[in-house]
Amino acid sequence: MPAWNTLADVLLLLGGGFVLGALAERLKQSAILGYLAAGMLLGPHALHVVRSLQEVVVLAELGVALLLFSIGLEFPWSRLKRAGSALAGGGLQILLSVLVGGGLALLFGEGGGEAYVIGAMFALSSTAYVLRILSRRAAIDSPSGRLQVGVLLAQDVAVVPLVLVASVVVTGESIGPALLTLAKLVGFALLLVAGLWLLFHVVAPRLLGTEVMRRNRELPLLLAIVSGLGSAMAAHELGISPAIGAFLAGMLLAESPFATQVRSDVSALRTVLMTLFFGSIGMLGDPAWIGAHLPLVLACVAGVIVVKAALTTVALRIVRSPGPAALAAGIGLAQVGEFSFVLAEMTRGTVLDDETFQLVVSVTIATLALTPYLVSLGPWVAARVGAGRRGEAALPPTATQG
């Protein structure tokens, strides 16, 4: 039966992720590298499901929504307000990345539509991976961690308008309908926020305050899952990013006394979805194609990391973020993110040809594989640069001139 084939495929992918993830951890690497490798080794011909972009997008939305829900539990409104400059820097980073990434694509002979799509994909970083690493290292509340969270939230908000513009590019329609759709989405987003506020500030406090809820461990967890996934589904139905809906639900639920318990209980479900998600991304890669075009892939990976780190750092410095934290955040976000597959799915065969699509997938997988090292490298480079500047400032004038 198809249902049992699906279950067998999921078990095989999770089993491969477990074995190779454990091997990666034994080698002192990130387990996600093992998940990616499991997907590439199993390949689309070994499994019946989780082998198309549509399925990857669904897993991405679910995995990232649960991740942001748990992050929202650690980011009540009072803390989120402090990330205002990072959100502004994230918006500026997106604009710069689309312009620079698209401009570089034009220089290499791509058409206008293809250049925009490449620039939009270049602008997005990996919310799922970066926040997972920061959470495990308890670094979300560090100066660079707060900047990375703000930029990633801005990118998740920007996914919808980026996709709308991409749909205009694909269909050739005028920009007017897209602007009208965007205005409707803003209205829907405000309605979602109002509904969540009523739920968590009027309804939820009464439920969470009862003695039954305090004695029963399962009921707060059920409330958290229903509210987190329900908010993600409501956001999806309204055309908004599901991740943002889930984040808002977590942020509002963070004011409750059950935030710590809910955060720990939701982590297991999030781990399963994240394992399937990264395994699915690995399955999109073609090792034979990567081997045949290895110099091109390596050059593009190096270019993405250097240019994106520089642009993110500049954007954060423009909004007056501290230099060392901005540099660390820029390096940590210098990868191509999972929501780039949304744009790739839309434009494959119309704007993106198969060669360009495979290059985008290969670069995305490679930069995701390098993400743990980028997140670790960022604070180290920032500290070295800061120490170098302090040392230079401490030298006498004659020494600096000579």
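Quick one: grab Rg to one decimal and Dmax as a whole number for segment 293-346, Cα atoms only, in Å.
My reading of the Cα-based Rg and Dmax gives 13.4, 41 Å.
Can you compute log10 of I(q)/I(0) for segment 305-386 with the Debye formula, treating each Cα as one identical point scatterer, at q = 0.13, 0.16, 0.21, 0.22 Å⁻¹?
So the normalised log intensities work out to -0.48, -0.66, -0.89, -0.94.
Using packing as a proxy for protection, rank 329-337, 24-32 so that the peptide with the highest average count of other Cβ atoms within 10 Å comes first.
Ranked from most to least packed, the peptides come out as 329-337, 24-32.
How do 189-197, 297-305, 94-102 rank on mean C-beta neighbours within 10 Å, highest first?
94-102, 297-305, 189-197
Counting only protein heavy atoms and a 1.4 Å probe, tell me what percentage of segment 268-323's accessible area is made up of carbon and sulfur.
Carbon and sulfur: 75 percent of the exposed surface of segment 268-323.
The values are calculated or read from the model by the stated rules, or taken from the named source; none is laboratory data. If you're wondering where the values come from, they're calculated on a predicted model, not measured in any experiment. Note that we place each Cβ from the backbone using ideal geometry, even for glycine, and neighbour counts take in every protein chain shown. To get the accessible areas, we keep the full protein, side chains included, count just its heavy atoms, and leave off ligands, DNA and RNA. Shrake-Rupley method; radii C 1.70, N 1.55, O 1.52, S 1.80 Å.
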